[in-house]
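Written out below as structure tokens is the structure these notes cover.
No value in this document is a laboratory result; all are computed from the given coordinates. Computed from a prediction, not measured in an experiment: that's the story for all the values here. When we count neighbours, we look across all protein chains shown, and the Cβ atoms used for this are built from the backbone with ideal geometry, even at glycine.
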Amino acid sequence: MLMGGMSKAITGGCLCGEVNYRAVVGDSKTVAHCYCSMCRRLSGGTFVTYAEFPAKDFAYTKGQPQHFKSSDFAVRGFCGSCGCQFTFQYFGERKEITESIWITVGSMDRPDEIEPTDHIFTAEKLPWLYLDQQLAHWPGQLPWLRPGVDSPETNSK
């Protein structure tokens, strides 16, 4: 969620400067710390924080990323030069989840303007990590992203 609850542009890019992006966000989007083993392997870290944006409000402003199909349901965008991971996006028939793009908060120019809302895949987190108890905890994926589950009007904690 954007700190302050107002719409604004978020910008970011990779370490080497070859790829930059811009997204417009309002309030009430999900920002999740993901502890799944795939995110750990791809990032080299213990978890990755993603912020959800409407895909229609996201654009690359400099360069173009490479893409990697990391599973049967998602593709990830990254810089082909420095390897910085930018995006995670679902594909398939479920319009309500394919209309969003998840951007790595660490690639943002002002990550301090983003406030986390959830912990996901906590069943896969490393045992020595301690979680913020004020955020929602999910042992796997966010419930409304699972097949057969409707999207909520707002995130219930």
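At-a-glance table
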read-out	value
Efficiency of FRET from Cβ geometry, THR61 and LEU129, R₀ 35 Å, rounded to 0.05	0.55
About the Cα centre, charge dipole magnitude for the chain (Lys/Arg +1, Asp/Glu -1 at Cβ), debye	380 debye
Helix-only [θ]222 nm of the chain, DSSP H runs n ≥ 4, -39500 (n - 2.57) each, per residue, nearest 500	-1500 deg cm²/dmol
Sequence-distant residues sharing a close amide H with GLN141 (under 5 Å, placed H)	PHE121
Most mobile listed residue (GLY12, GLY83, GLY63) in the chain, GNM with C-alpha springs under 10 Å	GLY63
Cα gyration tensor category, rounded, prolate or oblate, for the chain with a/c compared to 1.5	rounded
Pairwise centroid distance, computed over Cα atoms, of the range 55-109 with the range 8-53, Å	9 Å
Integer Hz, Karplus 6.51/-1.76/1.60 couplings in order for the range 85-94, x for Gly and Pro	7, 10, 9, 9, 9, 6, 10, x, 8, 7
Cα→Cβ-extended label distance, 7 Å offset, between SER70 and TRP144, nm	2.2 nm
Label zone at THR98, where the point sits 7 Å out along the Cα-to-Cβ direction: the range 24-60 residues whose backbone N lies under 15 Å	55-56
